Amino acid sequence: MSDKPSMDKDRRQWLIATSAVGGVGAAAALYPFIDSFEPSERAKAAGAAVEIDISGMKPDEMRTIEWRGKPVWVIRRTEAQLAELPQNDPNLADPESKRNQAELTPPYARNEWRSIKPEYLVVVGICTHLGCSPSAKFDAGPQPSLPNTWPGGFLCPCHGSTFDMAGRVYKNKPAPDNLEVPPHMYLSDTKILIGDDKKA
């Protein structure tokens with residue numbers, strides 16, 4: 001009878017130890033399944049949608065996120081930049097984004113802002129000439145490699161293509177098309193989903 005308490009104690013410790021090991025094993029076995037819910041790097045590169053947070057963005061600010069291995073820019077335009085867009089039309093190669101429309105401009109961005117919400121522009125930051133990445137040149141006025149009447153936009157430093165604040169290419173430049181507007185939609189006032197527009 002004197003051995004029974006120690007037997008119960010040993011059995012209890014053995015049960016606790018095996019339960020702990022079993023719990024760790026179960027968690028390890030479940031991890032790959034839980035982890036599979038997150039898009040892998042390969043899936044992201046292949047085109048999985050990505051979210052960008054635009055909360056706190058100030059006018060004239062740009063944020064960048066990678067989608068399909070390409071930079072996607074989100075720019076919050078100022079009222080002055082929006083007002084300037086129609087004035088640029090005579091100087092642009094494709095002001096209404098009709099060239100390669102199906103590939104470069106989704107239906108919801110076929111407007112004078114090339115966007116869902118006028119304030120925010122979402123474009124792929126790759127020049128349509130040779131795939132270089134243009135530089136943001138948002139300040140209006142004369143500056144190196146730009147005309148004295150520059151209203152603000154983007155300059156591709158490789159061969160001098162220029163784009164306005166809607167990503168539309170100017171006339172007589174090497175780039176054949178406007179910057180691409182990727183599929184996107186607003187999940188909320190502060191989140192944009194890049195790469196999916198099923199509800200847009």
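When the residues of the stretch 61-97 are filtered to those that are in a loop (DSSP other than H, G, I, E, B) and within 21 Å of Cys127 (Cβ to Cβ), which remaining residue is farthest from the chain's Cα centre (by Cα)?
Here the residue is Ala93.
Among the residues of the stretch 123-142, what is the count of those that are among the polar types (S, T, N, Q), in a loop (DSSP other than H, G, I, E, B) and surrounded by fewer than 18 Cβ atoms within 10 Å (Cβ to Cβ)?
Residues that pass the stated criteria total 1.
Before we move on, is Pro151 assigned to a loop (DSSP other than H, G, I, E, B), surrounded by fewer than 16 Cβ atoms within 10 Å (Cβ to Cβ), modelled with pLDDT under 95 and in the same structural domain as Leu92 (by TED's automatic domain parsing)?
no
What pairs can you find where one residue is in the stretch 78-106 and in contact (Cβ under 8 Å) with a residue 60 or more places away in the chain, the other is in a helix (DSSP H, G or I) and among the charged types (D, E, K, R), and their Cβ atoms are less than 6 Å apart, with a gap of 6+ or different chains?
Taking only residues 6 or more apart or on different chains, the pairs are Pro95/Asp89.
Identify the single condition in (1) in contact with a strand residue (DSSP E or B) (Cβ under 6 Å, 6 or more places away or on another chain); (2) within 14 Å of His184 (Cβ to Cβ); (3) in a loop (DSSP other than H, G, I, E, B) that Met57 does not satisfy, given that it satisfies every other one.
In the conditions (1) in contact with a strand residue (DSSP E or B) (Cβ under 6 Å, 6 or more places away or on another chain); (2) within 14 Å of His184 (Cβ to Cβ); (3) in a loop (DSSP other than H, G, I, E, B), Met57 misses (2) alone.
Tell me, which residue of the stretch 162-200 that is among the charged types (D, E, K, R) and under 13 Å from Tyr120 (Cβ atoms) is nearest to the chain's Cα centre (by Cα)?
Ranking the qualifying residues of the stretch 162-200, first place goes to Lys191.
Quick test for you: out of Glu79, Glu103, Glu84, pick the one residue that is surrounded by fewer than 16 Cβ atoms within 10 Å (Cβ to Cβ) and more than 14 Å from Asp177 (Cα to Cα).
Glu79
The values are calculated or read from the model by the stated rules, or taken from the named source; none is laboratory data. What you see is a predicted model; the values in this text were computed from it and never measured. Counting neighbours? That spans all protein chains shown, and the Cβs are built from the backbone with ideal geometry, glycine included.
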